[in-house]
Every structure is written in C-alpha cells, then in structure tokens.
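Take a look at the structure below.
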Amino acid sequence: MSKVTFETELNDEALGALKSYLAKRNEQLDMRLSEQLEKLYAATVPAAVREYLGEKNGTPVRRSAARPRRAAPAAGHAVGNQPAE
C-alpha cells in the first residue's frame, strides 16, 4: 500500500500556536492529523469497503465495538396506547 501526501492551508500564526500547544502535551501534529484521518475514514467509509480494501492491501481492519441498541418501549408506554378517558 502506498501512502499519499496532500496539502492544506492554515494561518501561520494558528499553525505555530497549534504546534506549541501540542508540544506541551508531548504530541506531534503529524501524528494527531493521522489519527483524525483514520477516524474520519472509519466514520465515512462503509465497513464492507474498509474490510475489502484491508484484505486487498493486507492491512487488518479494526472493527469498532457494536453500538448498543435502544431498548424497545415497555408495553403500554408507547404513544397511542393511552386508555381513553
């Protein structure tokens, strides 16, 4: 799998402040950007596509934990099941 480099813009003063505050937290800008891109990829690209690309490129796909499902409303508490007065 080859990596791609892309370019973006940010005000030089804002970039300097960002790097400074990341350094105080012992973090690096490139690492944080990579983490955010991974999160964006996982949130945007369907799991089946990520899995296919992972298999194609020999990269294991991290599966996120299943989202908890909402419990069904208890009987008699659903809208429209109110007794007539």
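What follows draws every value from the coordinates through simple rules; no lab data is involved. This one's a predicted model, so the numbers in the text were calculated from it and none came from an experiment. Reconstructed Cβ throughout: ideal geometry from the backbone, glycine too, with neighbour counts over all protein chains shown.
At a Förster distance of 35 Å, what's the computed FRET efficiency of Leu18 paired with Glu51, Cβ-Cβ distance as r, to 0.05?
Details: r = 34 Å, r/R0 = 0.96.
Computed FRET efficiency for Leu18 and Glu51: 0.55.
Starting from the Cα-Cα distance between Tyr41 and Leu10, subtract it from 0.36 nm times their residue separation and give me the gain in nm to one decimal. Can you show the working numbers first?
Values: separation 31, 0.36 × 31 = 11.16 nm, distance 2.16 nm.
Result: 9.0 nm gained on full extension.
For Lys19, Lys3, which order do you get if you count the other beta carbons within 10 Å of each Cβ and list the fewest first? Could you put the intermediate results ahead of the total?
On the way: Lys19 13, Lys3 4.
Least to most surrounded, the residues fall as Lys3, Lys19.
Please arrange Ser2, Ser20 by counting, for each residue, the other beta carbons lying within 10 Å of its beta carbon, fewest first.
Details: Ser2 4, Ser20 9.
Fewest-to-most Cβ neighbours within 10 Å comes out as Ser2, Ser20.
Give me the aspartates and glutamates in straight-line cross-link reach of Lys3: C-alpha distance below 16 Å, same-chain residues under 8 apart excluded.
Output for Lys3: Asp30, Glu35, Glu38.
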